[in-house]
Amino acid sequence: MRVIVVGAGEVGFHTAERLALEGHDVVVVEHSRQALRSVEERLNVMALEGNGAEARVLEEAGIGACGLFIAVTDVDEVNLVACLLAKEYGVPVKIARVRSVAYTGRGAVLNAEKLGIELLINPLEAVAQDLINIASHAAAVEVAEFAGGRILFVGYPITPDSPVAGLTLAEIGELRTMYPFVVAAITRHGRTLIPRGDDRVEPDDHVFLVLRREDLAAVRYMFGLEKRQTRRIFVFGGGAVGQRVAEHFEQNRAEVTLVEPNRARCEELARRATRATVINADITEVDVLLSEGIGKADVVVATTPNEEKNILASLLAKRHGARRALCVVDRPAYVGLVPSLGIDACISPRLSTASAILKYVRRGGVLNMATVEENQAEVLELRIPEAFAWARRPLREIPFPDGAIVGAALRGDQAFIPTGDTTLDPGDRIVVFALPEAVVAVEDFFGTS
């Protein structure tokens, strides 16, 4: 279909790239000539210079034939006006990125329904939720839930003393009767592969698993991962993201320390806090942090707008004894670099927002999806259609697309990990891990595109 993306920043660029790869007719509208030049040089889309909140520009972009309109500039009002114009032209699906809680918070006077916009995405809320998910699962570098939370996709680092370090996938597979799971992928030195039986798990790998929630404790034991809840957490940065993360763990009765350099903001946070300790300090003031117990932290979450400071503060916290460190970074180069520095996980607002957009766009047979920050692979929850050509055939006989693997299935109320003898029946829900180049083939294979 014709898709118009207003805004060629990181979010707009990434969203346009993914939709173009899936065969959509994408038009990117951007007022900055420099940003537009990057789109023209790197993407197979139509690039149009202009203000996406002007009717004349949208008509030139082909708004009359548009099936999906996405406004993701850095200005909330431009995004909203652009979507309201798209509504007047009869575009069926409109998505806007907005940073202000005035449009997405509880009791908002103007929300998505009142504006007639199908989806309003607050990137800060998306980032906060991703950080909460990972921080809540000890040792995880990636977490996503499917089938109403009954199936988990988790990524774990492999340490030299891990019980599975040095084992082949075939050897690990022999333990599946006791620990049912699927190794969906392995990331090694920046390269991601879907492993075969003779592939070996090595120290410093990141291993991505699909498993049932009730098997999580057993699988963690097999991988030698410490069973320890997140009880003591330091949050660096008292902005919207840091506040949301701190409030979540306060509600779960964790010991929360919130570090914010702006004194006025600290006083506001202290008034709102129910259990958290609020510290007025720079996040790199090591002496202050040590006196507050940073060395005993279960997890440190760095959420300031300064991604270099987030990285530095995370490294300092780990050096002084914090068990895990998560940080917010947005530059693509940093997203790939951070794991190699020893930081446990990073979250990109750009990828979190784009993932939320793609999750909404892919409806119909695609029930849910998540984008893996580290490698931009996707995890899709699909429903097997009635007309599926390979229904009721064993998985080992199905010519599944290269670069993808079925990790779990749900039939009725029963979640299970498939084997080669498992059949896929119409109505089943399955969880599929797909490398970026395989996503379109998977959707075509199951007739969900």
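The values are calculated or read from the model by the stated rules, or taken from the named source; none is laboratory data. Keep in mind that this is a model prediction, so the values were computed, not measured. Backbone-built Cβ (ideal geometry, glycine too); neighbour counts: all protein chains shown. Each accessible area value is taken on the protein alone, full model and side chains, heavy atoms only, with ligands, DNA and RNA left out. Shrake-Rupley method; radii C 1.70, N 1.55, O 1.52, S 1.80 Å.
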- Message: Restricting to segment 106-126, name every residue that is of a type in the set (G, A, S) and either modelled with pLDDT of 85 or more or surrounded by fewer than 18 Cβ atoms within 10 Å (Cβ to Cβ) (or both).
- Response: G107, A108, G116, A126
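Across segment 147-166, what is the number of residues that are on the phi < 0 side of the Ramachandran plot and buried (at least 17 other Cβ atoms within 10 Å of the Cβ)?
So the count comes out to 11.
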- Task: Consider only pairs whose beta carbons are under 6 Å apart and that are at least six residues apart or on different chains; among these, list those whose first residue lies in segment 239-268 and is touching a residue at least 60 places away in the same chain (Cβ under 8 Å) and whose second residue is of a type in the set (S, T, Y) and open to solvent by 10 Å² or more (accessible area, probe 1.4 Å).
- Result: V241/T303; G242/T303
- Residue pairs qualifying under the 6 Å Cβ cut-off, at least six apart or on distinct chains, with the first in segment 60-79 being in a loop (DSSP other than H, G, I, E, B) and the second being of a type in the set (K, R) and surrounded by fewer than 22 Cβ atoms within 10 Å (Cβ to Cβ), are G62/R2
- Item | Residue tally, condition part of a helix (DSSP H, G or I) and open to solvent by 10 Å² or more (accessible area, probe 1.4 Å), over segment 127-146 | 4
- Among the residues of segment 245-261, is any modelled with pLDDT of 95 or more and of a type in the set (S, T, Y)? yes
- Cross-chain or 6+ apart pairs with Cβ under 7 Å, segment 20-42 first and farther than 29 Å from V442 by Cβ and in contact (Cβ under 8 Å) with a residue 60 or more places away in the chain, then in a helix (DSSP H, G or I) and of a type in the set (K, R): none
- Query: What is the residue count in segment 217-239 for residues that are at pLDDT 90 or above and open to solvent by 10 Å² or more (accessible area, probe 1.4 Å)?
  - Reply: 2
- Query: Restricted to segment 1-25, and to residues that are within 23 Å of V335 (Cβ to Cβ) and among the aliphatic types (A, V, I, L, M), which residue is modelled with the highest pLDDT?
  - Reply: V5
- What number of residues within segment 148-187 satisfy the criterion of being part of a strand (DSSP E or B), of a type in the set (G, A, S) and over 18 Å from V406 (Cα atoms)? 0
- Residue hits (segment 39-59; within 28 Å of the chain's Cα centre (by Cα) and assigned to a strand (DSSP E or B)) are M46, A47
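Report yes if some residue within segment 31-38 is outside any loop (DSSP other than H, G, I, E, B), open to solvent by less than 50 Å² (accessible area, probe 1.4 Å), under 20 Å from E437 (Cα atoms) and not hydroxyl-bearing (S, T, Y); otherwise report no.
Looking through segment 31-38, none of the residues is outside any loop (DSSP other than H, G, I, E, B), open to solvent by less than 50 Å² (accessible area, probe 1.4 Å), under 20 Å from E437 (Cα atoms) and not hydroxyl-bearing (S, T, Y).
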- Selection within segment 401-426 - of a type outside the set (S, T, Y), farther than 22 Å from A144 by Cα and at pLDDT 90 or above: P401, D402, D421, L424, D425, P426
- Which one of these is farther than 22 Å from A325 by Cβ, at pLDDT 90 or above and surrounded by fewer than 17 Cβ atoms within 10 Å (Cβ to Cβ): R176, R196, R213? R213
- Note on the structure: Taking first residues from segment 202-227 that are closer than 13 Å to A138 by Cα and second residues anywhere that are modelled with pLDDT of 95 or more and polar (S, T, N, Q), the pairs with Cβ under 9 Å that are 6 or more apart or on different chains are none
- If we take segment 332-434, then strands (runs of 3 or more DSSP E) inside it with 1 or more residues that are free of Cβ contacts under 8 Å to residues at least 60 places away in the same chain and surrounded by fewer than 16 Cβ atoms within 10 Å (Cβ to Cβ) are 414-416
- Message: Taking the condition of being within 12 Å of F234 (Cβ to Cβ) and open to solvent by less than 50 Å² (accessible area, probe 1.4 Å), how many residues in segment 252-293 meet it?
- Response: 14
